[in-house]
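Each value in this text was obtained by applying a stated rule to the coordinates, not by laboratory testing. Given the structure is predicted, the values throughout are model-derived calculations rather than measurements. FYI the Cβ positions are ideal-geometry reconstructions off the backbone, even for glycines, and counts take in every protein chain you see.
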């Protein structure tokens, strides 16, 4: 009960760890026909964390979100949101979550204001209270000017923001974002990143899926890499990068050749490398320190490159 | 947070949709009126003798059903859009009864089509329709129309849920537009081709049309009314069960 209304200060057990994971799953499996979409997924996400599920198209990200948001049941395994089992108590879970999908599920015939008021009314608010909350959220999501415009006339980015706002009417502690920035331009993406950062600062748990490595890098406290239905690695962005190797220095020599020397980040090693080239009489024109990117990490961890192509649907 | 308030919210939403889609609303009135004008003014003189009386009196109940069915068919595309565009999915992750959205579409369809059917009837009066129903019979006409719209809307809802694309959802409008031609809406059953006679004489549309005709002329036939009522109840129940099943099945995907 501690976490239900107080996402900010989730209760801590005696060992200092959060008493109740925001999202927990063990052995989740899902099969569509003879295609195994999820092949045993375990999760343990503490409250207040931004968790990114990174994976290429078809890795099973959307299926996992659909299970975690009660839309579909797993074939095997269990999962719980703030201690409430998804299969046994879906109604409980639905009070604690909100979901923003890849396809903004707002009503195009209605205005932004009408959309939010409608959702507020559905959640049991009175007309006045629903309207007040709608106005708050429209202002917060920079949609106040478009409040009275039909959503059919909104841009893609505006729709996503409205969709997200619709999910926040009852201020749920756990928020799912399924590829929130897929298909967005850079500016809208930046605006949405700010929103995620704000939600995190309010102590909410954010579970987001993405195929963009830099998005996971920028937003997430913890990243799990999902590939062919299984989590192949997880950790902070820094940890994942470390698993790939240490940093390296790239030297461009006077004759134009490029060489790479691995280092461990120690300046002494840099001095040693440069001295060696000096001794050998090979002049160094420029140098650059390279840290492994998440792209490198992805390639190493999955054996194939991350795709950043648009979703085909 | 019970089902009722949610259903009211959804009904209001569907009514707003109808009012914003004036094109569809106007089409739902204009198409039947155009068909009626065609039959009454172009073929009317020839058909007066066929039906043994003023053709406007004969044809109006059928045109009203055509209007009601055509308008109710819009529910198929509306529901298909809600399911395919993710709106229903959002509702399913909320602590509410998502099926209320279907209720909203159905109830709004009944309201909308009662209005458009009344509009068609007013045009019919201008064209010479002279009903002689008593007040009680008028209530019977309204009730029968409402029941017909309800049943037809439920069938449209099931169709919309089963449809794989917008186009196949929209096909229901064609069925609604042509089904009345296979009944006694425009021509008495004995004047229809032999192979159609059997079907046309017993299909539910004919029974509802004959019931409306009887009520409008002040001489309802109890047996026909009863048969129409049984048909509507059976079809309505079947369509409601089918709609519920399809709505649940759509969730499992």
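Observations on the model:
- Length gained when the stretch residue B:42-residue B:115 is fully extended (0.36 nm per residue, less Cα-Cα span): 23.6 nm
- Kirkwood radius, segment A:103-199, all distinct C-alpha pairs, inverse of mean reciprocal distance: 13.4 Å.
- Among B:46, B:146, B:78: highest mean-square fluctuation, GNM of chain B, C-alpha pairs under 10 Å: B:46
- Remark: mean inter-chain Cβ contacts per residue of A:220-232 equal 0, using a 10 Å Cβ-Cβ cutoff to other protein chain atoms.
- Peptide A:119-132, shielding by other chains (average Cβ, 10 Å cutoff): 3
- For segment A:151-190, radius of gyration divided by Kirkwood radius, i.e. Rg to Rh on alpha-carbons: 0.99
- Overall dimensions of chain B by Cα: Rg and Dmax, Å: 18.7, 62
- Projected label points at residue B:222 and residue A:242, each 7 Å from Cα along the beta carbon direction, are separated by 9.0 nanometres.
- Which of A:84, B:105 has the fewest Cβ neighbours within 10 Å, and the rest in rising order: A:84, B:105
- Between segment A:135-164 and segment A:273-291, the alpha-carbon center distance in angstrom: 54
- Estimated from helices alone, the mean residue ellipticity of the protein assembly as shown at 222 nm is -17500 deg cm²/dmol (sum of -39500 (n - 2.57) over DSSP H runs with n ≥ 4, per residue).
- Per-peptide average of other Cβ atoms within 10 Å, ordering A:220-231, B:239-250 highest first: A:220-231, B:239-250
- Prolate/oblate/rounded label for segment A:179-224 (Cα gyration tensor, a/c 1.5): oblate
- Compared with the dominant principal axis of the Cα atoms in chain A, helix A:186-201 is inclined by about 70°.
- Size of the protein assembly as shown from its Cα atoms: along the principal axes, largest to smallest, the extents are 117, 59, 49 Å.
- Peptide A:105-114 has a mean of 4 when you count, residue by residue, the C-beta atoms of other protein chains within 10 Å of its C-beta.
- For chain A, built as a Gaussian network whose Cα springs stay under 10 Å, the top-fluctuating residue of A:114, A:136, A:250: A:250
- For chain A, the relative contact order works out to 20 percent when only alpha carbon pairs closer than 8 Å and six or more residues apart are counted.
- Over segment A:41-173, the hull volume per residue, using the convex hull of the C-alpha atoms, is 129 Å³.
- Each peptide in A:142-152, B:157-167, B:82-92, B:131-141 was scored by the mean count of other Cβ atoms within 10 Å over its residues; highest first, the order is B:82-92, B:157-167, A:142-152, B:131-141.
- Taking every DSSP beta bridge that has both ends in the protein assembly as shown, the antiparallel portion is near 65%.
- Once the Cα gyration tensor of chain A is diagonalised, semi-axes √(5λ) in Å: 41, 24, 19
- Contact order for segment B:8-124, expressed relative to its length and based on alpha carbon pairs under 8 Å spaced 6+ residues apart, stands at 44 percent.
- Gained length - residue A:197 relative to residue A:139, 0.36 nm times residue gap less alpha-carbon distance: 19.2 nm
- Both radii are taken from the alpha-carbon atoms of segment B:190-253; with Rh as the Kirkwood radius, Rg/Rh is 1.19.
- Full-stretch length increase - residue A:277, residue A:291 - with 0.36 nm per residue and alpha-carbon distance subtracted: 2.9 nm
- Euclidean distance of C-alpha centroids, segment B:12-47 and segment A:192-260, integer Å: 59
- The angle between the Cα long axis of helix B:100-126 and the main principal axis of chain B comes to about 20°, on a 0 to 90 degree scale.
- Packing-based ranking of B:50-58, A:61-69 yields A:61-69, B:50-58, ordered from highest to lowest mean Cβ neighbour count within 10 Å.
- Of the residues B:39, B:107, B:174, the one that moves most in a GNM of chain B with alpha-carbon contacts below 10 Å is B:174.
- Pair residue B:230, residue B:182: separation of 7 Å Cα→Cβ label points (nm): 2.2
- Segment A:69-125 and segment B:200-253: distance between their alpha carbon centers, rounded to Å: 36
- Angle in degrees between helix B:55-84 and the longest Cα principal axis of chain B, rounded to the nearest 10: 10
- Relative contact order (percent, whole number), segment B:27-88, Cα cutoff 8 Å, 6+ residue spacing: 37
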